[in-house]
Amino acid sequence: MEIKTFSQDVVTVAEITGNLDSNTAPQAQEQIMPLVVAKCCLVLDLKKCTYISSAGLRVLLMLAKQLTAQQSRLALAGVCPEIKDVMEMTGFINFFQIYDSVSQASEAVRKECV
């Protein structure tokens, strides 16, 4: 798994490539959690994320809770159908705003951050 981060105006984008599973979840948490600051706008780009396990879902949920506590915004972009199915079956889909592209997700969280 690899995580690249970059900024688009006031939005921070974290692009996750590869699997988000029990082996990589600690690394993902270590790299993404420092991005959570008060009133930030974060987009997770999952278009290159091919698999997510329960450990990966746990990282996403923890991230969402931390962002909510910080009055920050989160959106997911490019979620593949297989991961979206897992999120629907587990009820995790209800905790996230999901968009087809990073630009759509960025626009949505940017509006909420202003």
Exposure proxy check on D85, D9, D45: fewest-to-most Cβ neighbours within 10 Å is D9, D85, D45
Isolated Cys in the chain, by beta carbon distance under 4.7 Å = C40, C49, C80
Counting lysine pairs in the stretch 2-113 that sit 8 or more positions apart or on different chains, with Cα atoms under 22 Å apart, gives 11
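Per DSSP H run of n ≥ 4, the term is -39500 (n - 2.57); total these for the chain, divide by its residue number, and report the mean residue ellipticity at 222 nm rounded to 500 deg cm²/dmol.
Working: 4 runs with 46 residues, N = 114.
-12500 deg cm²/dmol, from helical runs alone.
By counting other Cβ atoms within 10 Å of each Cβ, how are F6, F92 ranked from fewest to most? Could the numbers behind the result be given before it?
Working: F6 11, F92 19.
Going from least to most buried by this count: F6, F92.
Restricting to bridges with both residues inside the stretch 1-76, how much of the DSSP beta-bridge set is antiparallel, in percent to the nearest 5?
Values: 7 of 20 bridges.
About 35 percent, rounded to the nearest 5.
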Base-10 log of normalised Debye intensity for the chain (one unit scatterer per alpha-carbon) at q = 0.12, 0.23 Å⁻¹ | -0.35, -1.45
If the chain between S54 and C80 were fully extended at 0.36 nm per residue, the gain over the current Cα-Cα distance would be 7.7 nm
Of A14, A38, A75, which is the most mobile in a GNM of the chain whose springs link Cα atoms less than 10 angstrom apart?
-> A38
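So what is the diffusion coefficient of the stretch 52-114 in µm² per second by Stokes-Einstein at 20 °C and 1.002 mPa s, using a Kirkwood Rh over Cα pairs? Mind dumping the intermediate values first?
On the way: Rh = 12.2 Å.
This corresponds to a translational diffusion coefficient of 176 µm²/s.
Output the relative contact order of the stretch 2-113, whole-number percent, from Cα pairs under 8 angstrom with separation of 6+ residues.
Averaging sequence separation for qualifying contacts and normalising by length gives 28 percent for the stretch 2-113.
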Say each of L61 and N19 gets a label point 7 Å from the Cα, pointing the same way as Cα to Cβ; how far apart are those two points in nm?
-> 2.1
For the stretch 34-48, Karplus couplings with θ = phi - 60° (6.51, -1.76, 1.60), whole Hz, Gly/Pro x = x, 6, 7, 10, 4, 6, 8, 10, 10, 10, 9, 8, 9, 5, 9
Any idea what the dipole of the stretch 70-114 comes to, in debye rounded to 20, about its Cα centre with Lys/Arg Cβ at +1 and Asp/Glu Cβ at -1?
-> 240
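No value in this document is a laboratory result; all are computed from the given coordinates. Everything quoted here is computed from the prediction, not taken from an experiment. Virtual Cβ from ideal backbone geometry, glycine too; neighbours counted across all protein chains shown.
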